[in-house]
Structure formats: structure tokens, C-alpha cells
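Comments concern the structure below.
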Amino acid sequence: MAFDAHKNLAIATVATPPSPAPSGATLTVGAGEGARFPAPPFNATVWPADQPPTPINAELVRVTAITGDTFTLTRAQEGTTARTVVAGDLLAATITAKTITDLESGTNFPLIATETVAASGDISANTVLVFTNPGLNNAVIKRATADGADTLRLFVCGGGEASPDRGSYFWLAGNEGPDAGALSLVAGNMPGSGIQFFTGNLALRGKMHPSGGFSWGGVPDPGAGNIGAVAFTTGSDARLKDDRGPRITPDVLRRTVVHDFTWKADGTPGRGVFAQEAAAVAPFAVTVGTDDIDDDGRLLRPWGVDYAKYVPDLIVGWQYLEAEVTRLRAQNAALDARLAALEAAAAKG
């Protein structure tokens, strides 16, 4: 559905009123005056020629067809009341509330088509892109193909006119064929192209590299020569931290309880900590949940544990145990030496 058509100075005089006048569905305007109006359908106002239109004396009608100077109407539109239309009344295609609300809501956005795209490289064979209304007060972008089913490609290009896919660009595609339904994000065909993720003041948080490797933070490409490699980093710059001293005892690990359990959802076995218990030992690793549930009785925000945040304590625990092993080895070596000396003395009698 599209917006109503419009014309300037679309006004005429009623020559033959509807019959019956309060409810009839056709009227005729002055000779040749029908050509002043836009193509129907559109809303129009009817009121006495010797008075300005008011809520008392005017009626809004919807013109659904025009044949020469004869108009077909739907009466009493946009909350107005049907009136007795007489010869000499004025009929005009005026701006009404519907005109404005259509613009504000976007409900009736029309079909907008660009010229056919004739481009090079990966964008070749594109056809017309159109905006259309799917009936949900939204707009979509699609290819104007005969069956309406060919691959959608939405490009935001950074390349030149001769080769728009040369520089960085964003390509959102829904595919047919073996990858039907797949969503593709394409970063461009230059050697250094990649998909980057930023937050805040343009802080790089992650990147899919041309090699296929993915890294968190600003670390180099981990996937060169190793397709699919992934690197994870956490911001750890000493300049961003206030030091509260080294941690030297593994008390977090001592107090952490590990359970064997089965998941209620499907009965599969698991091993790990319970978040509610871990909150008292390692609150830095726990995401506190709520008791809210959905209509099916499932927790909306269950408690969670980030096991990666135990890594510093695992390092401390390893260092503590390594120091203990070193101490015990030294102690054992000293005892071995004393024992050997005692055995030698005993052998001499």
C-alpha cells in the first residue's frame, strides 16, 4: 500500500450531488474539473461554497474512482459525519490528518526503487534494490527479482565508483543454494581486510583476521597459517591498575568446593562449582542471578561462574605448591646427607 497521490489546487464545484444527498456514493463536478485531481484513492473535503469548512458543515470523503468528472466516494471518513451535499458545494483534495499520520507512522511508505546496479567484482549481477512495506510498519531492502527469492546483498561500500568492492565495505547477505538462510558479513577484498569490534572510545575489543583467526583485544593475528585459530586476551596493563600487593596463598582454591552433578534439563553429568557457594569464596568470578522465571518456568537470569577468573588463583596455587616441592626436596636432600653421614660413621664402628 502506498501514500495517497496529491495535486496542487485540486478543487472543483459539485454539479450533480449524490443521491440520496446524505448517503449517495457518486457525484459529478463541473465540466473538465475532474482532471484537476490526482489519481484515486485519496481523501477530500466537501463543504458549502459560501462558508469556510468547519467540523459542523464539512465532511471528509474518500474518492475511490474518477471517471471523467464523476467521482465514486466512501462517505464520512476520519471521524466526520455524512452531510447533505448539494449542487454548488466545493470538493477539494485537502491535507487531512491521515496525510500527516501516514508520514509520521511510515505505515504507507511507497515502493522506492533505484536504478539497476552494474558493478564489478563481487557485486556484479546485482539488480534493482527496493524498499517495500511488509505490513508491519517497517521497511525492508530486497532485490527486485521475478521470484523475489534471490540472494539479498546490502552493501555499504568504501571503494571507488569503478570498483566499489575494492575498499572496506559491509555486505549483509541471505543466501540461496547450499547455504540457504546463511547470513554473511564481508569486510572487503583488500589484503588487510578484517571484521573489527569496538566499544567505548574506539577501543578495539576483537578482530576476525583475513587468515580466519580471531583475537580478543588488540593482539596480532593468531591464525596466520592456522585457519580457525582463536586468541583470547584480557586487558592487563599495569598502568591501569593500583597494586594491592602480591597474592601468596591459595586460600581461594582451598575453600572452593567442586561437585559432581547432573543437569536437570537433560540429565547429562557435569563437574564444577555451584555459583551460590562460589559467591562466598570468589565473588569476582560470579554473576548473581535472580529468581525470575518465564511462562515455561525457566529461570530468566540464572547465576553464573566465569572459570577464567580462577586462573590467577590457579597460578598462585601452582607457585605455592612449586615452592613447597622445592622446599621439601631441599629438606629431603639434607636428610639424605645426614643419613649417609650417620651410615658411614656406623660402618667405621
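May I have the pair-distance distribution P(r) for the range 1-40, computed from all Cα-Cα distances with 10 Å bins from 0 and rounded to whole percent? Each 10 Å bin holds this share of Cα pairs: 27, 42, 29, 2. Counting every pair of alpha carbons in the range 11-105, the share spaced more than 17 Å apart comes to 43 percent.
Assuming charge only on the beta carbon of Lys and Arg (+1) and of Asp and Glu (-1), the dipole of the range 246-349 about its Cα centre is about 760 debye to the nearest 20. Cβ crowding within 10 Å ranks 209, 259, 6 as 259, 6, 209, fewest other Cβ atoms first.
Between the listed residues 302, 282, 315, the Cα displaced farthest toward the positive end of the dipole of the range 246-349, a dipole computed from Cβ unit charges relative to the Cα centre, is found at 315. By the Stokes-Einstein formula, at 0.890 mPa s and 25 °C, the range 246-349 with its Kirkwood radius over alpha-carbon pairs has D equal to 137 µm²/s.
Distance between the 7 Å Cα→Cβ label points at residue 70 and residue 299: 7.4 nm.
No value in this document is a laboratory result; all are computed from the given coordinates. Predicted, not measured: the structure shown is a model, and the values here were computed from it. Virtual Cβ from ideal backbone geometry, glycine too; neighbours counted across all protein chains shown.
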